[in-house]
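Engineer: Provided herewith is a single structure, encoded as structure tokens, for subsequent inquiry.
The values are calculated or read from the model by the stated rules, or taken from the named source; none is laboratory data. Predicted model only: the values in this text are computed from it and were never measured. Because the Cβ atoms are built from the backbone with ideal geometry, glycine has one as well, and the counts that use them run over all protein chains shown. Surface areas here come from the heavy atoms of the whole protein model, side chains and all, with no ligands, DNA or RNA. Shrake-Rupley method; radii C 1.70, N 1.55, O 1.52, S 1.80 Å.
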Amino acid sequence: MTATTSPASSGNVDQAELDKFSALASRWWDPESEFKPLHAINPLRLNWIQQHTGPLAGKRVVDVGCGGGILSESMARAGATVTGIDLAEKSLKIAKLHGLESGVKVDYRTVSAEQLAAEQAGQFDVVTCMEMLEHVPDPASIIQACSQLARPGGWVFFSTLNRNPKSFLFAIIGAEYLLRLLPRGTHSYEHFIKPSELATSARRAGLQVADLGGMEYNPITDTYKLSRDTSVNYLVATQREA
Ligand code: SAH
């Protein structure tokens, strides 16, 4: 056990993972940086979310593992009241600074998903947890917390990386070694999650799986698109049981 002074620690944290993101924090809003892929997929996932929830305007949203706030800000721009949580303080500082510059209001808090779920159970219409589960020791605990945060009937969205030989080849060898889209060591294969595993954890947490979608990268055109191919990057839409 490592002692921690984080007010938010639930123990479900890999400090080395947080350090990786903190080291890059200043670059969150540089669309040509290590975070370029997140900027590129953001309009796609924002659309996909709203296809399920309807317009986000007026909805209470929590973005779990929000990083520099790329998705959080876009949801706030769409009119939602957004809380963004992360345990990498540096990233949250950048998120707050960017909010001051852009004038988009998001309530950023350094708190774990589990802790916020204990404080604000059932208070959100929409919960998003994107590209984060593959960085935590116990993803099922995050999924459970996300479910608790949602009101009955509320929407909970996840995205992560599938685990199979193709995802190893594309997400690690391709993205980190050949194309250098991401720094080496960004992802570890053993933390990738199969859709079936995510769905099992979701159901155990009282979430009904409503939709599964893929996100495909085309290295020739350097663009992403939503697709039915969930073999590498994928999104899951779930709804809290009423
Ligand atoms: N969701 C954002 C950022 C994804 S990067 C987006 O898709 O744009 C992954 C984020 O998860 C980083 O900001 C990292 O700090 C955060 N993270 C990793 N482990 C975490 C944990 N245990 N609790 C909260 N956030 C965590």
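Engineer: Do we have any residue at all in the range 213-223 that's open to solvent by 40 Å² or more (accessible area, probe 1.4 Å), in contact with a Leu (Cβ under 8 Å, 6 or more places away or on another chain) and farther than 20 Å from L46 by Cβ?
Structural biologist: yes
Engineer: Okay, next question. Out of D211, D229, report the one residue that is in a loop (DSSP other than H, G, I, E, B) and over 27 Å from F21 (Cα atoms).
Structural biologist: Exactly one of D211, D229 is in a loop (DSSP other than H, G, I, E, B) and over 27 Å from F21 (Cα atoms), namely D229.
Engineer: If you don't mind, there's one more thing I want to ask. Give the range 59-88 a look and list any residue that's among the charged types (D, E, K, R) and either within 7 Å of the ligand (Cβ to nearest atom) or touching a Pro at 6+ places or on another chain (Cβ under 9 Å) (or both), or say none.
Structural biologist: D63, D86 - these are the residues of the range 59-88 that are among the charged types (D, E, K, R) and either within 7 Å of the ligand (Cβ to nearest atom) or touching a Pro at 6+ places or on another chain (Cβ under 9 Å) (or both).
Engineer: Please pick out the residue among L38, L71, L116 that is touching a residue at least 24 places away in the same chain (Cβ under 8 Å), more than 25 Å from L207 (Cα to Cα) and either part of a helix (DSSP H, G or I) or basic (K, R) (or both).
Structural biologist: Criteria check complete, one pass: L38.
Engineer: Further question on the same structure: Please work out if S112 is more than 15 Å from the ligand (Cβ to nearest atom) and open to solvent by less than 10 Å² (accessible area, probe 1.4 Å).
Structural biologist: Taking the combined requirement at face value, the residue does not satisfy it.
Engineer: Looking at the range 127-150 only, could you name the residues that are under 14 Å from V82 (Cβ atoms) and either within 8 Å of the ligand (Cβ to nearest atom) or surrounded by fewer than 22 Cβ atoms within 10 Å (Cβ to Cβ) (or both)?
Structural biologist: T128, C129, M130, listed by residue number.
Engineer: Separate question: Looking at G103, G99, G153, which is the one that is surrounded by fewer than 19 Cβ atoms within 10 Å (Cβ to Cβ), modelled with pLDDT of 95 or more and touching a strand residue (DSSP E or B) at 6+ places or on another chain (Cβ under 7 Å)?
Structural biologist: When all the criteria are applied, what remains is G153.
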